[in-house]
1. Suppose the filter is in contact with a Leu (Cβ under 6 Å, 6 or more places away or on another chain) and within 30 Å of Met37 (Cβ to Cβ); does Asp93 pass it?
2. Restricting region 89-104 to residues that are over 12 Å from the mean Cα position of the chain (by Cα) and of a type in the set (Ser, Thr, Tyr), which is modelled with the lowest pLDDT?
3. Would you confirm whether any residue within region 97-105 is among the β-branched types (Val, Ile, Thr) and out of contact with any helix residue (DSSP H, G or I) (no Cβ under 8 Å at 6 or more places or on another chain)?
4. Count, please, the residues in region 83-96 that happen to be over 22 Å from Arg130 (Cβ atoms), in contact with a helix residue (DSSP H, G or I) (Cβ under 8 Å, 6 or more places away or on another chain) and either assigned to a loop (DSSP other than H, G, I, E, B) or among the β-branched types (Val, Ile, Thr) (or both).
5. Tell me yes or no: at least one residue of region 62-73 is surrounded by 14 or more Cβ atoms within 10 Å (Cβ to Cβ), free of Cβ contacts under 8 Å to residues at least 24 places away in the same chain, closer than 23 Å to Arg12 by Cα and of a type in the set (Lys, Arg).
6. If we scan region 23-42, do we find a residue that is in contact (Cβ under 8 Å) with a residue 24 or more places away in the chain, surrounded by 15 or more Cβ atoms within 10 Å (Cβ to Cβ) and among the polar types (S, T, N, Q)?
7. With the condition kept exactly as written, say whether any residue in region 90-98 is surrounded by fewer than 14 Cβ atoms within 10 Å (Cβ to Cβ) and either within 24 Å of Thr16 (Cβ to Cβ) or of a type in the set (A, V, I, L, M) (or both).
8. Looking at Lys74, Lys63, Lys44 in this structure, which one is modelled with pLDDT of 90 or more, farther than 24 Å from Pro23 by Cβ, among the basic types (Lys, Arg) and in a helix (DSSP H, G or I)?
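The values are calculated or read from the model by the stated rules, or taken from the named source; none is laboratory data. All values reported here derive from a predicted model rather than from experimental measurement. FYI the Cβ positions are ideal-geometry reconstructions off the backbone, even for glycines, and counts take in every protein chain you see.
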Amino acid sequence: MPEDAEFKHILRVANTDLDGNKPILSAMKKIKGVSFMFANMVCKIAKIDEKKKVGYLSDEDAKVLDDIIRNPLKYNAPVWMLNRRKDYETGEDKHINTGDIDFYKGTDIKRLKVIKSYKGVRHSEGQPVRGQRTKSNFRKNKGKVMGVKRKTAMPGKEEGKESKKKD
């Protein structure tokens, strides 16, 4: 464990606590909405070594990383790297992260349900949306597996013994 005075065990970037002992590239993947490729791009734009430990980053470097993650187009990031291209309401390209991902995903699903598209109907029924088969999978939507049901004995009759009638 490093014991320097300038070493920080936890660094806050994009509303997420990053472990100071990890390399920047792997630590940034803990931020929701940042993948390996996006983290690599951010390090290249900020001109920071990906293998450098997060705890040794200066406050200025942390602010630059935070700003690049929030506004990648400001730093000429390629549009195909963003996770929300051509937003439905605004039509602009942007990159969303942390809690915004859940919000946008929820609003997209609600919009599909309101317009009653096929995907929206499947979402509302709790069925798989992307064309998977449902005969054997997705049991959580159907209940427990029943197995083979056997015939039950009739009440009053025992198997193997038949009652004889006497006249």
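1. It is true that Asp93 is in contact with a Leu (Cβ under 6 Å, 6 or more places away or on another chain) and within 30 Å of Met37 (Cβ to Cβ).
2. Once the filter is applied, the top-ranked residue is Thr90.
3. Yes: region 97-105 contains one or more residues that are among the β-branched types (Val, Ile, Thr) and out of contact with any helix residue (DSSP H, G or I) (no Cβ under 8 Å at 6 or more places or on another chain).
4. 2
5. So the first thing to find is which residues in region 62-73 are surrounded by 14 or more Cβ atoms within 10 Å (Cβ to Cβ), and the list is 62, 64-70, 72-73.
From what's left, free of Cβ contacts under 8 Å to residues at least 24 places away in the same chain: 64, 67, 73.
Now narrow it down to the ones that are closer than 23 Å to Arg12 by Cα: 64, 67, 73.
Now drop any that are not of a type in the set (Lys, Arg), which leaves none.
No; the residues of region 62-73 include none that is surrounded by 14 or more Cβ atoms within 10 Å (Cβ to Cβ), free of Cβ contacts under 8 Å to residues at least 24 places away in the same chain, closer than 23 Å to Arg12 by Cα and of a type in the set (Lys, Arg).
6. no
7. Keep residues of region 90-98 that are surrounded by fewer than 14 Cβ atoms within 10 Å (Cβ to Cβ), which gives 90-92.
Right, trim to either within 24 Å of Thr16 (Cβ to Cβ) or of a type in the set (A, V, I, L, M) (or both) and you get none.
No: region 90-98 contains no residue that is surrounded by fewer than 14 Cβ atoms within 10 Å (Cβ to Cβ) and either within 24 Å of Thr16 (Cβ to Cβ) or of a type in the set (A, V, I, L, M) (or both).
8. Exactly one of Lys74, Lys63, Lys44 is modelled with pLDDT of 90 or more, farther than 24 Å from Pro23 by Cβ, among the basic types (Lys, Arg) and in a helix (DSSP H, G or I), namely Lys74.
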